[in-house]
Amino acid sequence: MQHGESWLAAFDKVTGQTHWKVSRNYETPEEGDNAYTPPLVIEHQGKEVLLVWGGQHLTAYDASDGRLLWSCGDFNPQAATHWPAVASPVIAGDIVVVACGRADRGQPRLYGIRRGGTGDVTATHRVWKREDTGTFVPTPAECQGRLYLLRDRGEVECLDPTTGKTIWREALPKASFHYYASPLVAGGMLYAGREDDVVFVARVEGKFETLAENRMGERIIASPVAVSDRLLIRGERHLFCIAGR
């Protein structure tokens with residue numbers, strides 16, 4: 001997804017042959033058609049569906065043939081410029097949470113869109129909208145019916161994804177560094193990597209509390225991943241595997 005010809009395609013993973021390819025081009029203000037978000041694979045009414053956020057549109061495609069099922073737009077009615085899509089959408093039950101705008105420049109937008117429908121669902125499937133909170137680079141995390149935002153400077157916010165209402169707001173220790181990695185929530189803990197070399201661990205169930213500040217010795221940009229009882233952290237030079245006893 002870029003300025004110019006953009007498309008979505010499916011390939012045979014054995015032969016590399018193109019199975020289908022569809023254009024995905026939208027007119028947007030400057031830089032609004034740029035996106036860094038991967039498609040999400042979801043199931044809807046027994047079908048495998050590809051959910052795509054970018055070009056200031058949220059779209060769903062039948063994975064078998066690339067047919068457009070539904071589309072939601074009007075995420076930037078003020079036609080603000082330099083709003084590329086960086087944070088990925090998040091599935092929370094029947095709601096797709098979309099972070100839009102530039103939270104790093106005081107222009108946050110956060111939307112709750114109900115999945116499904118046919119054709120243009122802009123007017124019918126938008127459940128809620130926030131103009132006072134959001135995130136630009138880190139993708140929000142969903143866990144047990146709660147949505148967790150980690151903003152670029154370390155603010156943490158917990159929301160109800162069905163209503164968009166804030167449950168609590170807290171913050172990790174302040175520093176001049178940014179958070180580019182997306183947060184991970186597992187076992188009641190939030191793991192957040194800061195761009196210098198620190199990975200924070202904070203309790204998010206019950207009362208918020210920062211529990212640990214771990215220095216990895218190298219720059220952290222990639223998001224942490226939980227695999228069984230282990231935590232994988234990719235630094236600038238090494239891949240770390242953290243495990244309990």
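Residue-wise test of (1) modelled with pLDDT of 95 or more; (2) loosely packed, with under 12 Cβ neighbours inside 10 Å; (3) farther than 17 Å from D120 by Cβ.
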| position | (1), (2), (3) |
| --- | --- |
| T28 | yes, no, no |
| E48 | yes, no, yes |
| Q56 | yes, no, no |
| A63 | yes, no, yes |
| R67 | yes, yes, no |
| W83 | yes, no, yes |
From the list T163, T124, T139, which one is in a loop (DSSP other than H, G, I, E, B), modelled with pLDDT of 95 or more and out of contact with any strand residue (DSSP E or B) (no Cβ under 7 Å at 6 or more places or on another chain)? T124
I'm trying to understand the selection: among the residues of the range 227-236, which are open to solvent by less than 50 Å² (accessible area, probe 1.4 Å) and farther than 11 Å from A192 by Cα? L231, G235
Modelled with pLDDT under 95, open to solvent by 10 Å² or more (accessible area, probe 1.4 Å) and farther than 19 Å from R102 by Cβ: is that true of K207 in this structure? yes
Enumerate the pairs (first residue in the range 127-140 and closer than 27 Å to I221 by Cα; second residue anywhere and of a type in the set (D, E) and not in a loop (DSSP other than H, G, I, E, B)) with beta-carbon separation below 8 Å, excluding pairs fewer than 6 apart on the same chain, so at least 6 apart or on different chains. T133/E157; F136/D104; V137/D104
Do you know which residues across the range 108-121 are open to solvent by less than 10 Å² (accessible area, probe 1.4 Å) and assigned to a loop (DSSP other than H, G, I, E, B)? G116, V121
So the check is Cβ under 6 Å with 6+ separation or different chains; which pairs have a first residue in the range 172-186 that's within 12 Å of L149 (Cα to Cα) and open to solvent by less than 40 Å² (accessible area, probe 1.4 Å) and a second one that's of a type in the set (D, E) and part of a loop (DSSP other than H, G, I, E, B)? Y179/D152
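The values are calculated or read from the model by the stated rules, or taken from the named source; none is laboratory data. Values in this document were obtained by computation on a predicted structure and should not be read as measured data. Reconstructed Cβ throughout: ideal geometry from the backbone, glycine too, with neighbour counts over all protein chains shown. Only protein heavy atoms, including side chains, enter the accessible area calculation; ligands, DNA and RNA are left aside. Shrake-Rupley method; radii C 1.70, N 1.55, O 1.52, S 1.80 Å.
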